[in-house]
Amino acid sequence: MRIDVLTIFPAYLDALDLSLVGKARRDGLLDLRVHDLRDWTTDRHRTVDDTPFGGGAGMVMRPDVWGKALDDVLAAGTAATPAVPPAPAPDGSDAAPPAPAAASPRRVLLVPTPSGERFTQAMAEDLAGADQLVLACGRYEGIDARVAEHYRGALEVHEISLGDYVLNGGEVAALVVVEAVARLLPGVIGNPASLVEESHGAAGLLEYPVYTKPPVWSGLAVPEVLTSGDHGKVARWRRDQALARTAERRPDMVARLDPEALDRADRAV
Ligand code: ADE
């Protein structure tokens with residue numbers, strides 16, 4: 001997968017050299033490029049913003065600068081993932097065989113904004129199947145609305161929000177999206193089993209609490225069932241904990257659960 005991040009603060013994304021995402025980049029599993037939006041400005045001050053039409057506080061990012069930058073990174077992504085070349089004719093003749101039905105690469109433009117749709121694990125899973133993600137990090141009062149409108153004609157565009165609070169710009173959201181998506185790419189997480197039971201997974205529940213050594217710490221003992229060696233009891237306890245935690249902390253998630261699927265899962269434990 002290729003990911004391009006456009007920002008006026010490229011250094012914000014330096015953390016993506018670290019840990020699993022950094023290793024995925026070095027291993028060639030993720031082609032991540034961070035670009036300085038100001039490289040597409042033409043004036044002496046490298047201006048990316050201007051005052052809002054209609055008045056009001058703050059500045060708005062100019063669509064012409066964003067348009068040039070996005071056109072360039074999208075074109076570079078297209079060159080990096082060309083359509084499949086036609087295979088030679090099976091009999092060795094020069095006659096061109098019917099062109100293979102090459103699926104066209106899936107490119108997605110993501111614009112982090114507090115007024116976007118909520119970014120979720122389901123969205124991360126969907127985006128992990130794309131060929132190129134482009135993250136356009138706005139600052140100030142945001143990016144001129146014509147940018148998203150323009151690219152919606154040519155590719156998939158999602159304006160996304162991390163949650164109901166306001167950040168100073170899209171860079172932190174870009175970090176979140178890259179990490180949430182990259183860890184789902186094949187080969188990035190050494191043990192894919194660790195993706196199965198985590199919070200916001202298929203069960204629609206938060207994860208149960210976890211413990212390790214020492215068995216007693218600060219006067220607090222690990223729940224006895226976990227040291228019993230009874231796998232059936234451990235599975236039942238973990239599911240009860242996940243259900244109780246979700247009910248207490250995220251009643252909205254409980255409301256979305258399918259009661260029949262819940263019963264089935266409980267019979268299976
Ligand atoms: N930019 C500013 N606030 C944001 C938020 N809550 N989510 C995503 N991008 C943002």
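Any read-out appearing in this document is the output of simple, stated calculations on the displayed coordinates, not a laboratory observation. All values reported here derive from a predicted model rather than from experimental measurement. Neighbour counts run over all protein chains shown; Cβ positions are idealised from the backbone, glycine included.
As a ratio to 2.2 N^0.38 Å, the alpha-carbon radius of gyration computed for region 97-226 takes the value 1.43. A straight Cα-to-Cα reach below 29 Å connects K23 with the lysines K213, residues fewer than 8 places away in its own chain not being considered. Along its principal axes, region 188-269 has C-alpha extents of 38, 32, 24 angstrom, given from the largest down. Model label points for T212 and A235, set 7 angstrom from Cα along the Cα-to-Cβ axis, are 2.5 nm apart. The simple Förster model, with R0 at 51 Å and r as the Cβ-Cβ distance, assigns N191 and H150 a FRET efficiency of 0.75. Going from the fewest other Cβ atoms within 10 Å to the most, the residues T212, T78, T51, T113 appear in the order T212, T51, T78, T113. Calculated FRET efficiency, A261 to D17, Cβ-Cβ distance, R0 = 30 Å: about 0.15 to the nearest 0.05. Under a no-solvent Debye model with one identical scatterer per Cα of the chain, what's log10 I(q)/I(0) at q = 0.08, 0.13 Å⁻¹? One equal scatterer on each Cα of the chain leads to -0.48, -0.99. Candidates H231, G219, A265 compared by Cα position along the dipole of region 197-268: farthest toward the positive end lies G219, with charges placed on Cβ.
Computed from point charges on the beta carbon alone (+1 for Lys and Arg, -1 for Asp and Glu), the dipole magnitude for the chain about its Cα centre is near 600 Debye. Between V269 and any residue 5 or more places off or on another chain, the built amide H atoms are never under 5 Å apart.
Sites listed here are GluC sites (Glu not before Pro) in region 183-238 whose DSSP assignment is loop and whose Cβ has at most 16 other Cβ atoms within 10 Å: E197, E198, E207.
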